[in-house]
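Asks: Dumping the structure here so I can ask a few things about it.
The values are calculated or read from the model by the stated rules, or taken from the named source; none is laboratory data. Since the structure is predicted, the reported quantities are computational estimates derived from the model, not experimental observations. Every residue, glycine as well, gets a Cβ built from its backbone with ideal geometry; the counts of neighbours run over all protein chains shown.
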Amino acid sequence: MDVLFTGGRLFGTDASFLLVRGEHIAALGGDEVRERAAPGTELVDLRGRLLLPGFQDAHVHAVLGGLELGLCDLSGTTDVGEYLRRIRDYADTRPDAGWITGGGWSMESFAGGVPGKALLDGIAGGRPVFLMNRDHHAGWVNSRALELAGITAGTPDPADGRIDRDAHGEPVGCLQEGAMALVAGLVPEVTPGERLAGLLRAQELLHSLGVTAWQDAMLCGANGYPDHSDAYLAAAADGSLLSRVEGALWWNRDRGAEQIETLLQQRDTFSVGNLRSRSVKFMLDGVAENFTAAMTAPYRDRCGHPTGNSGLSFVDPAALAEYVTAVDALGFQAHFHALGDRAVREALDAVAAARKANGMRDTRPHLAHLQVVHPDDVRRFAALGATANIQAYWATHEPQMDELTIPFLEPSLAGWQYPFGDLARAGARLAAGSDWPVTTADPLLGVHTAVNRAHPGSGEPPFLAGQALGISPALTAYTKGSAFVNHRDDSGELRPGHRADLVVLDRDLLAGPAEAIAEARVDLTYVGGSLVYSSRDA
């Protein structure tokens, strides 16, 4: 059945009507479009609302997020007492579970961002506990988990992580970065059925938020992170994966170029139905809050003095340039986790090496997170054709920023955080993602923060207000920009011939105050012309 939209703003156009026929936009314009509608066409009266191309998430962990919704979920609060209540309730209602697993706790809840094992020891019934924090760069464990892993005062830190310790060298119950693998490898494997259920649960949530396509930033995990590829393969094969997904194949930092042959095989294996796997994910550093994000200047101690630590480079920069050049030559997209300004520079250097060796190929490299970007590197994005993949919800004053980050950064670095405005003014292409379940999957909350540089209702002053985006550029990053990164050139804009991946909001964001963006909700979501979500008020 044809669908005709009218009566509201059609984003990025001056058209009055948009006609959908089958899976695509058939026409866009004035009264002549209405006249093309076939008998029986469904009329959607926008009633002054905004019609957009569907949001696309350029960096999300959908299976992980969907799984965590069914595990011990600590997200949505920073209260330690609430964490313990949820953990106790989860343990009590699952007496046969061998491990207590889940995550979502926030570093700001604990002194120095580090929780302790003693809080868990009395509520788990003697069972081991492994709970990842909300950014998935640290794990909170109890004494039983440490015992099973054989982690003691004599256990050395792995090269890519840290065991948090007390003054006597004893493990306190928090494992940073690669140290998580010491316990994560003991956690019982999630079943294929549970992974598939997690993916479908995530897809339902994303559709309710207007997300119609995405790039999963960790399709085939390694280095202590799980492999969720079978869920995508199953859903793509049986047709239950309704949205189109680009899978990022994980670069194992413990291996070298010999893994490229495996990546080629995975690209073929995991390109079925709505799934394509043409991206390779290079995780270059950690996060600023645990001092593992790679910076050009040392972190400060609690007294403001420089330390000897500038963060970790998980992949040797010279080797990285070789790896990126090799995968680029094979048509892969390079997808970088680059949080610190040194990691950003190392990623851009690797892209520059690939461009020099292979030319300006249409491989669409992109750098995700970009917490700190050195001003000297801002203009390199446009020059190299590297997309800035922003997680806008992070660009705000909150305890994790004000208490665990800014005091420990060299002052100039603290002022270079999340430079969305500078990147846009320098001609960089912006895409956007959530990194869910690290933070909310809601694109509207991301747009709100990108525009206001503050979370709704926080009462905080704008965070580096000069780096704010306008509403239209922010919406474009979440639509056209992410569609480009996802190699979905037939989406991301309202144009005839494009896929009818569409979202109707409950209001016209462009007609209201910027401070009210977060109040908007999704009324309707269409994927390939089919309605996949409708609110009660639609």
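Asks: Within region 45-82, take every residue that is β-branched (Val, Ile, Thr) and touching a strand residue (DSSP E or B) at 6+ places or on another chain (Cβ under 8 Å) and give me the one that is farthest from Val503 (Cα to Cα).
Replies: Among them, the one singled out is Val63.
Asks: Any chance you could count how many residues in region 513-538 are loosely packed, with under 15 Cβ neighbours inside 10 Å and at pLDDT below 95?
Replies: 2
Asks: Same structure, new question: Return the pair list, or none, for Cβ contacts closer than 8 Å from residues in region 441-467 that are at positive phi to residues that are among the basic types (Lys, Arg) and assigned to a loop (DSSP other than H, G, I, E, B), at least 6 apart or on different chains.
Replies: Here the result reads Leu464/Arg453, each pair linking region 441-467 to a residue that is among the basic types (Lys, Arg) and assigned to a loop (DSSP other than H, G, I, E, B).
Asks: Give region 110-142 a look and list any residue that's small (Gly, Ala, Ser), under 30 Å from Val60 (Cβ atoms) and surrounded by fewer than 19 Cβ atoms within 10 Å (Cβ to Cβ), or say none.
Replies: Hit for region 110-142 is Gly112, nothing else.
Asks: Checking the structure you have, find out if any residue of region 316-328 is polar (S, T, N, Q), outside the structural domain of Leu175 (by TED's automatic domain parsing) and touching a residue at least 12 places away in the same chain (Cβ under 8 Å).
Replies: Looking for residues that are polar (S, T, N, Q), outside the structural domain of Leu175 (by TED's automatic domain parsing) and touching a residue at least 12 places away in the same chain (Cβ under 8 Å), one finds at least one in region 316-328, hence yes.
Asks: Hey, another quick one. On the basis of being modelled with pLDDT of 95 or more, crowded, with 16+ Cβ neighbours inside 10 Å, over 23 Å from the mean Cα position of the chain (by Cα) and not acidic (Asp, Glu), does Gln215 make the cut?
Replies: No; evaluated as a whole, the condition is false for this residue.
Asks: Only one residue in Gly359, Gly433, Gly385, Gly421 is crowded, with 23+ Cβ neighbours inside 10 Å, of a type outside the set (S, T, N, Q) and either modelled with pLDDT of 95 or more or touching a His at 6+ places or on another chain (Cβ under 6 Å) (or both). Which one?
Replies: Criteria check complete, one pass: Gly433.
Here is a yes/no grid of residues against (1) outside any helix (DSSP H, G or I); (2) touching a helix residue (DSSP H, G or I) at 6+ places or on another chain (Cβ under 6 Å):
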position	(1), (2)
Asp376	no, no
Met401	no, no
Leu404	yes, yes
Gly421	no, yes
Leu469	yes, yes
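Asks: To continue, here is another question. Say whether the condition of being assigned to a helix (DSSP H, G or I), in contact with a Ser or Thr (Cβ under 8 Å, 6 or more places away or on another chain) and without any contact (Cβ under 8 Å) to a residue 60 or more places away in the chain is met by at least one residue in region 197-216.
Replies: Within region 197-216 (the criterion being assigned to a helix (DSSP H, G or I), in contact with a Ser or Thr (Cβ under 8 Å, 6 or more places away or on another chain) and without any contact (Cβ under 8 Å) to a residue 60 or more places away in the chain), the answer is no, since none of the residues qualifies.
Asks: In region 9-20, how many residues are within 16 Å of Glu493 (Cβ to Cβ) and either touching a helix residue (DSSP H, G or I) at 6+ places or on another chain (Cβ under 9 Å) or surrounded by fewer than 18 Cβ atoms within 10 Å (Cβ to Cβ) (or both)?
Replies: 8
Asks: Looking at Glu68, Glu32, Glu23, which one is touching a residue at least 12 places away in the same chain (Cβ under 8 Å) and surrounded by fewer than 20 Cβ atoms within 10 Å (Cβ to Cβ)?
Replies: Glu23
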